Structure formats: C-alpha cells, structure tokens
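Heads up: the structure comes next, in structure tokens.
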Number of protein chains: 2
Amino acid sequence: MARIIGMDVLDVRFPTSRELDGSDAMNPDPDYSAAYVVLRTDEGPDGYGLAFTIGRGNDVQAAAIHALEPHLVGRDAPRDAAALSALYFELVGDSQLRWLGPEKGVVHMAIGAVVNAAWDLAARAAGLPLWRFLAAMTPEEIVGLVDFRYLSDALTPAEALELLREVEPGRSERAETLVQQGFPAYTTSPGWLGYSDEKLASLARQALADGFDMIKLKVGGDLDDDVRRMKLAREVVGESARVAVDANQRWDVDTAVRWMRELAPYDPYWIEEPTSPDDVLAHRAIADALAPIRVATGEHVQNRVVFKQLLQAGAIDVLQLDACRVAGVNENVAILLLARKFGVPVCPHAGGVGLCELVRHLSMFDFVAVSGSMDGRVIEWVDHLHEHFTDPAIVRDGRYLAPSEPGFSARLKDDTLANYRYPDGPVWTAIAKEAS
Amino acid sequence: MARIIGMDVLDVRFPTSRELDGSDAMNPDPDYSAAYVVLRTDEGPDGYGLAFTIGRGNDVQAAAIHALEPHLVGRDAPRDAAALSALYFELVGDSQLRWLGPEKGVVHMAIGAVVNAAWDLAARAAGLPLWRFLAAMTPEEIVGLVDFRYLSDALTPAEALELLREVEPGRSERAETLVQQGFPAYTTSPGWLGYSDEKLASLARQALADGFDMIKLKVGGDLDDDVRRMKLAREVVGESARVAVDANQRWDVDTAVRWMRELAPYDPYWIEEPTSPDDVLAHRAIADALAPIRVATGEHVQNRVVFKQLLQAGAIDVLQLDACRVAGVNENVAILLLARKFGVPVCPHAGGVGLCELVRHLSMFDFVAVSGSMDGRVIEWVDHLHEHFTDPAIVRDGRYLAPSEPGFSARLKDDTLANYRYPDGPVWTAIAKEAS
C-alpha cells in the first residue's frame with residue numbers, strides 16, 4: 001500500500017489584472033491564483049489539488065492547507081471510496097480547525113483542495129479520469145461519501161440511495177454518450193465588464209461561430225451600460241441563443257428586481273449571483289419577483305447546508321457548484337444529490353484557475369450516475385490559463401470533451417510552477433522590478 | 001495626528017484541553033487561543049484586538065491578520081466615527097481578500113480583530129471605555145458605521161436613524177444605571193460536558209450563592225445523560241432560576257426536536273445552537289416545533305446577512321452576537337440595530353479568550369443607545385482566563401460591572417504574551433518536553 005510521505009503547498013499567481021480578463025462589478029482587478037497542493041507518495045502516483053483565489057490572501061489560503069498536513073502525511077494513500085470518505089470525515093471533523101468556519105471560508109476551501117488532491121491520487125492509481133472513477137462506484141459507496149449532518153430534513157441516506165439506484169441501469173450508455181458528444185458549454189469570454197462594446201460584439205459573434213448557443217455578460221456596474229450591452233449582445237446572437245447575466249453579488253433585493261426588469265426585454269436566460277450568496281431569503285424574493293427569469297448562484301455558496309436551503313426555499317432555478325469552494329468531491333456529491341432531489345439542474349461555475357478542468361468531471365459524473373440528464377445543464381467555459389495544465393479542458397463546437405487521462409486534472413505544468421510562483425518566480429520578480 | 005507605524009501579530013494559546021474546561025459535544029478538547037494584534041502608533045495610544053480560536057489553526061488566523069497589514073501601516077490612527085467607518089469599509093471592500101469569504105471565516109474574523117483594535121485605539125485616545133465612546137456618538141455617526149449592503153430588505157439607514165433617535169433622550173440616565181447596577185450575567189461554568197454530576201451540582205449551587213439567577217448546561221452528547229443532568233440542575237437551582245441548554249450544533253431538525261422534548265419537563269430557558277449556524281430554515285422549523293422554548297444562536301453566525309435572515313424568518317428568540325466572529329464593532333452595530341428592529345433581545349456569547357471582556361461593552365452600548373432595554377438581556381459569563389487581561393471583566397452578584405478604563409479591554413498582559421506564545425513560549429516548550 002502506498003503511503004503519503006509529504007505534502008507540498010505552493011503559492012501560484014497569474015498577473016491577470018493587467019488585462020482586465022475576469023473583471024466584474026465586484027472584482028475589478030483579480031490576479032487569478034492557486035494555493036496548490038501536491039500529496040507525495042512513496043510508490044506513486046502523487047495527487048494534485050488547488051484552491052482558487054484572486055490574488056491577495058493566496059498565502060493565507062496556502063497556510064490553511066499547510067495546517068492540514070498532520071492529517072495527511074504518514075497516511076496510507078486513499079484509493080477507494082471508504083478511504084476517501086474516511087479522509088473527508090477526519091478533515092471536516094477536526095474540531096479545532098472547524099471553529100474557524102465552521103465549514104466555510106479559508107479552512108473549508110483548504111479541505112477542498114486536499115480532498116480533491118486525494119481523489120486525484122486515487123483516480124490516477126485506478127488509471128481512470130475522475131468522472132469514470134466516481135461513476136464506477138456503487139450507489140452504497142457514493143452515499144457513504146456524503147456527510148448527511150444537517151441534510152436530513154431535506155435528504156436522507158435512504159432517499160439518496162434510491163435516487164442513485166434509479167439511474168444506475170443507464171450508466172454505461174450515458175458514459176458512451178459523453179465520449180461521443182461531450183457536454184454542453186457556454187462562454188463568459190465576451191462579457192467581462194472591462195471590455196468595450198466592440199470587443200463584446202466581436203467576441204459574441206465569435207462565440208456563435210465557435211458553436212456556442214449560450215453566452216454570459218457581467219452586469220451590475222451601471223444600469224444604462226448594462227441595458228446597452230445586453231441589447232447589443234441580443235442583436236448579435238439573435239433570438240435563438242441564450243444570454244445569461246451575472247451581477248457578482250452587487251445588489252440588494254429591490255435593486256436586483258428593478259435592474260433585471262430593465263434587462264428583461266432582451267430575454268436574459270438567468271440572473272446569476274444577484275445578491276449575497278449567504279442570503280437564501282433574498283434569492284427567494286428575487287426569484288418570486290422575476291420569474292420566469294431563472295435565478296442562479298453557487299460559486300460562492302459556502303457549503304451543502306446553504307445549498308440545501310436555497311433548494312428548500314425554491315430560491316434558485318440553476319445550481320452553480322464550484323469545484324474548489326466547498327470541501328471537495330465529497331461535499332459536491334452531496335450537492336449533486338440535493339439538486340437531483342429538488343429537480344434543479346447543476347450548471348457549474350468555472351473559469352478562474354483550473355475550474356474548467358475540474359468541474360467537467362463533476363458534471364459528467366452527475367450525468368452518468370446522479371441526475372441522468374443533460375436537460376438544462378451547461379458548464380461555464382472561459383478560455384484562459386488552460387495552457388498551464390497537463391490535462392487541459394478542451395471545448396469543441398460548444399461542448400466540453402470527455403477527459404480521458406487518469407486523475408482529476410488539477411496538475412499544473414512544472415514550468416508554470418517555476419515561473420508563476422509568488423513572490424519569487426521570474427514573472428513576479430520582473431513585475432516587482434518594473435514597479436520599483 | 002498619530003499614525004499607525006506597525007502591526008504586531010502574535011499566536012497565543014492556553015493549554016485548556018488539559019482541564020476539560022470548555023468541553024462540549026462538538027469541541028471535546030479546545031486549547032483556547034487568540035490571534036492577537038497590536039496596532040502601534042507613533043504618538044500613542046496603541047490599539048489591541050484579537051480573534052478567538054480553539055487551538056490548531058490559530059496560526060492560519062494570525063496569517064490572515066498579517067494579510068491586512070498594508071491597509072493599516074502608514075495610516076492615520078482612526079479616532080472618530082468617520083475614520084473608523086472608512087477603515088471598516090476599506091477592509092471589507094478589499095476585493096481580492098473578499099474572495100476568500102466573502103465576509104465569513106478566517107479573513108472576516110481577521111478583519112474583526114483589526115477593526116476592534118482600531119476601536120480600542122480610538123477609545124483609548126478619547127479616554128473612554130468603548131461602550132461610552134460609542135454611546136457618545138450621534139445617531140447619524142452610528143448609522144454611518146454600518147454597511148447596509150444586503151440589509152435593505154430588512155433595515156434601511158433611515159429606519160436605523162429613527163430607531164436610534166427614539167432612544168436618544170434617555171442615554172445618560174441609562175449609562176448611570178449601568179454604573180450603579182451593572183448588567184445581568186448568567187454562568188456556563190457548571191455545565192461543561194466533561195464535568196461529573198457532583199461537579200455540576202456543586203457548581204450550580206455555587207452559582208446561586210454567587211448571585212446568578214441563570215445557568216447553562218452543555219447538551220447533545222448522550223440523551224440519557226442530558227436528561228439526568230438537566231433534572232439534577234433543576235433540582236439544585238429550584239423553580240425560579242433559569243436553566244438554558246446549549247447543543248453546540250450537534251443536531252439535525254428532527255433530533256433537536258425529539259431531544260428537547262425530553263428536556264422540556266425541566267423547563268429549559270433556551271436551546272442554544274441546536275443545529276448548523278448556517279441553517280436559517282432549520283432554526284425556523286425547530287423554533288416552530290419547540291415554542292415556547294426559546295431558540296438562540298449566534299456565536300458562529302458568520303455575518304450580518306445570516307443574522308438578518310434568522311430575524312426575518314422568526315427563527316431565533318435570542319440573538320447571541322460574538323465580539324470576534326464578525327467584522328468587529330461596525331458589523332456588531334449593524335446586528336444590534338437589526339435585533340432592535342425585530343424586537344429580539346441580544347444576549348452575547350462570551351467565555352473563550354477575552355470575549356467577556358469585549359462583549360460587555362457591546363451590551364452596554366446596546367442598552368444605552370440602541371435597544372434602551374435590559375428586558376430579557378443577559379451576558380454569558382465564564383470565569384476562565386480573565387487574569388491574563390489588563391482590564392478584566394468583573395462580575396459581582398450575578399452582574400457585569402460597567403468597565404471604566406479607556407479602550408475595548410482586549411489587551412493581554414506582557415507576562416501572558418511571553419509565557420503563552422505558541423509554540424515558543426515557556427508554557428508550550430514545557431508541554432512539548434513533557435510529551436517527548
């Protein structure tokens with residue numbers, strides 16, 4: 001049995017703020033970053049994971065990952081559902097670290113990075129891409145991954161088991177469908193707030209040419225600008241393509257409703273993050289006021305407990321899980337099961353650093369073994385930074401290809417680690433020199 | 001004008017797990033700790049603040065405080081409402097750091113520590129204890145401290161101003177009342193889960209002799225044990241004293257209701273933290289099922305947005321703010337205003353390291369300038385670790401005395417900082433030697 005003999009934690013940052021890529025109403029100047037973790041084993045394979053941040057504080061995120069080291073080093077390398085479940089429960093159950101959340105924020109994301117690295121390791125050892133590794137588990141094993149604490153008023157283990165068994169028969173056909181057809185994607189690339197109208201229009205046109213039938217615009221800066229941009233986007237893409245909008249938490253309830261009524265004539269497909277990700281009741285109020293415009297959130301939803309409430313309250317029509325915000329694969333399996341129970345489609349948040357690489361596995365597992373459906377499902381696609389990954393996400397004709405390399409795809413290239421290490425990699429020392 | 005010329009951050013830990021002081025159903029072995037911050041100024045006074053943790057991860061908390069240093073060092077020392085407001089808005093508005101929450105967990109608590117240190121500095125400069133410094137501000141100044149983002153569906157600045165003006169006339173009389181009579185306290189000392197029945201009974205008896213008319217028991221480990229302990233406590237304190245119980249987030253909705261129905265014959269005053277602090281809807285369901293037993297929570301409630309929802313949903317009957325969980329005085333002023341709006345009494349969480357020292361100021365400010373009432377209000381008292389503070393909380397005859405020293409009372413003694421510094425203070429090097 002392989003053992004984990006070491007854990008490396010690296011602070012990796014990309015100077016994206018210089019290009020306004022990723023700019024939105026709440027995050028004007030992000031430097032997309034990863035607190036990156038490697039679980040090193042004596043016999044191989046190693047496991048790779050990351051927490052995505054947007055710059056300052058990536059060192060704090062790395063420190064939180066470091067704090068988990070005593071739970072990892074010296075441990076047998078987890079290779080099956082039982083061992084991956086045991087690791088997850090041990091990490092979220094560390095009562096002293098739990099105090100710093102509980103189950104939210106920096107410590108919770110650190111657990112997510114490490115849990116995902118452990119899943120990567122196990123999938124590599126099995127020689128399978130994560131989505132296939134997960135989808136090969138029995139319904140009982142999958143249920144065993146989940147912490148049902150705080151969920152039982154919405155979903156019990158017995159119900160979860162039943163849901164999984166219902167779709168068990170078609171698993172291999174659906175896996176084959178993914179290999180043949182991939183999974184639908186939409187693109188956010190045209191819609192960053194920092195872009196000119198011309199750039200928006202040309203990128204929207206390009207999106208259609210590239211086979212996408214859905215794009216997304218950032219909104220929430222200035223109402224007149226947003227109306228003009230939304231109108232322009234609609235003109236460019238025509239009636240048949242979908243245009244979603246994303247306010248990145250800028251609004252209170254009244255502002256969200258007022259603003260979206262101005263955009264409504266241009267048929268927005270969903271409004272994403274209209275307000276605080278913590279505010280279940282506000283999302284409910286906004287959804288009630290704006291129907292049939294869908295309400296979506298999730299990239300900043302801290303854990304399964306808040307997702308549960310958003311679903312219980314009928315506050316969201318689209319659930320946007322994030323691979324790195326919650327406690328890794330285990331908690332995302334819980335979230336997929338909750339979404340299935342409430343009949344809400346999961347459309348993951350992606351972009352950032354490595355999120356496209358990671359979430360495609362989760363959506364494909366969802367399709368094969370949990371929801372059994374692609375209806376209304378679509379994964380975000382942002383065409384940035386993929387060149388830094390050893391197993392990059394690939395989108396063709398508006399669809400994510402099914403990954404076939406073993407693992408969970410978070411591994412960064414060695415060159416990238418050397419060049420973008422903060423603050424001492426050459427990219428950053430050059431920027432520091434320029435500034436001084 | 002004094003300037004902030006440096007920021008010291010210290011990792012201070014007390015080996016409390018050796019005594020089972022502070023043991024509860026979720027936290028069996030806490031080492032009460034503080035990530036401690038000193039804002040050093042060129043002309044004095046300095047400002048002192050802390051984040052309370054329970055051991056492992058206190059270094060991560062300290063790293064998060066460090067990450068705020070660029071916002072502090074070189075800045076004019078804040079001395080009035082406008083400057084304290086500007087600092088708070090700048091810290092919560094750092095978009096890159098915000099990503100790590102938003103407004104929750106380690107980064108948010110770091111902001112709390114620094115904001116509280118700034119308030120300490122300002123109150124010292126004014127020569128006033130924090131509660132008097134705050135209560136001397138105009139309603140307009142107090143409203144200006146608050147971030148109303150995400151609150152406007154429950155409370156607008158205009159409403160807040162009106163609430164504050166209503167109670168403005170009696171401020172000086174109420175301040176005088178505090179000096180004469182102090183503020184009601186209850187004690188948790190008898191009720192830790194690690195204690196024997198004998199210790200529970202003798203400490204409960206002692207609590208009555210010391211003038212308390214309310215005690216609290218930790219519950220949630222084993223139902224039979226809890227029924228026996230609750231019955232014993234009720235026998236010891238009689239019918240007239242209040243006995244609250246605290247489950248420290250152990251339960252789901254059904255378990256909470258079932259368990260509390262077994263304790264109901266012994267008339268529990270409130271059930272505290274029955275379930276996840278994130279779960280507004282579960283608290284609402286529990287409150288509906290258990291009325292007239294009060295539902296209380298707050299020590300782990302991450303920010304004003306979740307408190308707002310707990311109040312909007314009628315999910316809590318008692319609001320237990322914490323001085324160090326949220327973004328400091330500014331966010332706690334928002335929380336006090338929300339509680340006033342919804343007519344829910346604020347009974348702060350205390351204990352830990354320095355929480356008694358801090359929250360007495362917030363409750364006294366609440367009484368003088370926000371709620372104007374002591375009805376149903378009571379501050380937790382745990383008689384541990386006060387000897388380490390230069391301006392310790394004092395309880396006499398079951399009431400907190402009104403603090404009179406300038407500042408916010410988080411300052412630790414120099415000896416304590418030297419002895420309990422982790423891992424290199426003599427207390428910890430001795431423990432390490434013992435263990436090796």
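Within 14 Å of another protein chain (Cβ to nearest Cβ), within 22 Å of A:Val146 (Cα to Cα), among the charged types (D, E, K, R) and in contact (Cβ under 8 Å) with a residue 60 or more places away in the chain - does that describe any residue in segment A:295-305?
yes
Of all residues in segment A:121-162, how many are of a type outside the set (A, V, I, L, M, F, W, C), under 15 Å from A:Val368 (Cα atoms) and under 22 Å from the mean Cα position of the chain (by Cα)?
2
Across segment A:291-305, what is the number of residues that are surrounded by 22 or more Cβ atoms within 10 Å (Cβ to Cβ) and not in a loop (DSSP other than H, G, I, E, B)?
Within segment A:291-305, residues that are surrounded by 22 or more Cβ atoms within 10 Å (Cβ to Cβ) and not in a loop (DSSP other than H, G, I, E, B) number 5.
If you go through segment A:194-232, how many residues are buried (at least 20 other Cβ atoms within 10 Å of the Cβ), closer than 23 Å to A:Tyr400 by Cα and either touching a Leu at 6+ places or on another chain (Cβ under 6 Å) or of a type in the set (Ser, Thr, Tyr) (or both)?
Selection size over segment A:194-232: 1.
Take segment A:1-49 and flag every residue that is basic (Lys, Arg) and either facing chain B (nearest Cβ under 10 Å) or surrounded by 19 or more Cβ atoms within 10 Å (Cβ to Cβ) (or both).
A:Arg13
For segment A:370-421, how many residues are within 24 Å of A:Gly44 (Cβ to Cβ) and assigned to a loop (DSSP other than H, G, I, E, B)?
Counting residues in segment A:370-421 that are within 24 Å of A:Gly44 (Cβ to Cβ) and assigned to a loop (DSSP other than H, G, I, E, B) gives 12.
Residues of segment B:129-141 being surrounded by 19 or more Cβ atoms within 10 Å (Cβ to Cβ) and either in a loop (DSSP other than H, G, I, E, B) or of a type in the set (D, E, K, R) (or both), which ones?
B:Arg132, B:Met137
I want to confirm something. Restricting to segment A:306-319 and keeping residues that are part of a loop (DSSP other than H, G, I, E, B) and hydrophobic (A, V, I, L, M, F, W, C), which single residue is farthest from the other protein chains (Cβ to nearest Cβ)?
A:Ile316
Failed condition for A:Ala285, given (1) at the interface with chain B (Cβ under 10 Å from one of its Cβ atoms); (2) crowded, with 24+ Cβ neighbours inside 10 Å, with all others met?
Unmet for A:Ala285, out of (1) at the interface with chain B (Cβ under 10 Å from one of its Cβ atoms); (2) crowded, with 24+ Cβ neighbours inside 10 Å: (2).
Restricting attention to segment B:16-60, report how many residues are over 30 Å from B:Arg75 (Cα atoms) and assigned to a loop (DSSP other than H, G, I, E, B).
Residues meeting the conditions: 17.
Out of all the residues in segment A:301-352, which are on the phi > 0 side of the Ramachandran plot and within 11 Å of the chain's Cα centre (by Cα)?
Across segment A:301-352, the qualifying residues are A:Gly328, A:Gly351, A:Gly352.
Every residue in segment B:40-64 that is within 21 Å of the chain's Cα centre (by Cα) and of a type in the set (A, V, I, L, M), please.
Across segment B:40-64, the qualifying residues are B:Leu50, B:Ala51, B:Ile54, B:Val60, B:Ala62, B:Ala64.
Is it the case that some residue within segment A:361-383 is farther than 30 Å from B:Ala315 by Cβ and at pLDDT below 95?
yes
Just the residues that are assigned to a helix (DSSP H, G or I), away from chain A (no Cβ under 14 Å) and either of a type in the set (A, V, I, L, M, F, W, C) or surrounded by fewer than 24 Cβ atoms within 10 Å (Cβ to Cβ) (or both), please, taken from segment B:76-118.
Selection gives B:Ala81, B:Ala82, B:Ala83, B:Leu84, B:Ser85, B:Ala86, B:Leu87, B:Phe89, B:Val115, B:Ala117, B:Ala118.
Taking the residues in segment B:240-279 that are of a type in the set (Ser, Thr, Tyr) and in contact (Cβ under 8 Å) with a residue 24 or more places away in the chain as candidates, determine which candidate is surrounded by the fewest Cβ atoms within 10 Å (Cβ to Cβ).
Step by step, filter segment B:240-279, then rank; the result is B:Ser240.
What do you reckon, is A:Val326 surrounded by 24 or more Cβ atoms within 10 Å (Cβ to Cβ), among the aliphatic types (A, V, I, L, M) and assigned to a loop (DSSP other than H, G, I, E, B)?
Answer is yes for this residue.
Spot the failing condition for A:Ser189; the list is (1) farther than 26 Å from A:Arg304 by Cα; (2) without any contact (Cβ under 8 Å) to a residue 60 or more places away in the chain; (3) in contact with a Leu (Cβ under 6 Å, 6 or more places away or on another chain), and only one is missed.
(2)
Can you tell me how many residues in segment B:52-75 are surrounded by 24 or more Cβ atoms within 10 Å (Cβ to Cβ) and at positive phi?
1
Limited to segment A:223-281, what total is found for residues that are in contact with a strand residue (DSSP E or B) (Cβ under 7 Å, 6 or more places away or on another chain) and of a type in the set (Lys, Arg)?
Result for segment A:223-281: 3.
Kindly indicate which of B:Arg360, B:Arg421 is in contact with a helix residue (DSSP H, G or I) (Cβ under 9 Å, 6 or more places away or on another chain) and more than 20 Å from B:Gly55 (Cα to Cα).
B:Arg360
The values are calculated or read from the model by the stated rules, or taken from the named source; none is laboratory data. None of these values were measured; they are calculated from a predicted model. Counting neighbours? That spans all protein chains shown, and the Cβs are built from the backbone with ideal geometry, glycine included.
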